[in-house]
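The values are calculated or read from the model by the stated rules, or taken from the named source; none is laboratory data. Bear in mind the structure is a predicted one, so any value in this text is a computation, not a measurement. Backbone-built Cβ (ideal geometry, glycine too); neighbour counts: all protein chains shown. Note: accessible area is taken over every heavy atom of the protein model, side chains too, but ligands, DNA and RNA are not part of it. Shrake-Rupley method; radii C 1.70, N 1.55, O 1.52, S 1.80 Å.
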Amino acid sequence: MKQYWRIRELREDSDLTQAQVAHALNCSQQVYSNYELGQRSIPPEILIALAKFYHTSVDYLLGLTNTKAPYPK
């Protein structure tokens, strides 16, 4: 399984702990850690929540684009 390095990068750039992001996502720190490490697939609803949390696109989180800005509505 692929490691989701972008969510770790965004978290660290925001000076947040795994526990803080996990709280915002309503999951445990361990579950969130498993997402970052690629030990657990990220469900679509969590990817959407992360994109909204970091004001970016799901494509950016998945490494499909290098543009951080979210898509216009």
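Using the 1.4 Å probe convention, the accessible area of the chain works out to 64 Å² per residue with neighbouring protein chains retained.
In the chain the Cα-Cα distances spread across 10 Å bins starting at 0 as 21, 60, 19, 1 percent of all pairs. Computed from backbone phi with θ = phi - 60° and the Karplus coefficients 6.51, -1.76 and 1.60, the 3J(HN,Hα) list for the stretch 21-26 is 5, 4, 4, 5, 8, 6 Hz; x is used for glycine and proline. 3J(HN,Hα) couplings calculated from phi for the stretch 37-51 with the Karplus curve 6.51 cos²θ - 1.76 cosθ + 1.60 (θ = phi - 60°) are, in sequence order, 7, x, 7, 8, 5, 8, x, x, 5, 6, 4, 5, 4, 5, 4 Hz; Gly and Pro show x. Helices in the chain, meaning DSSP H runs of at least 4 residues, each add -39500 (n - 2.57). Divided by all residues, the mean residue ellipticity at 222 nm is -15000 deg cm²/dmol. Would you mind telling me the share, in percent, of accessible area of the stretch 17-73 contributed by carbon and sulfur at probe 1.4 angstrom? That fraction is 56 percent. Approximating the spin labels as points 7 Å out from Cα along Cα→Cβ, the TRP5-to-HIS23 distance works out to 2.9 nm.
Rounded to the nearest Hz, the phi-derived 3J(HN,Hα) couplings of the stretch 5-13 under the Karplus curve 6.51 cos²θ - 1.76 cosθ + 1.60 (θ = phi - 60°) are 5, 5, 5, 5, 4, 5, 4, 5, 5, where x marks glycine and proline.
Using alpha-carbon pairs under 8 Å, 6+ residues apart, how would you state the relative contact order of the chain in percent?
Rounded, it is 30 percent for the chain.
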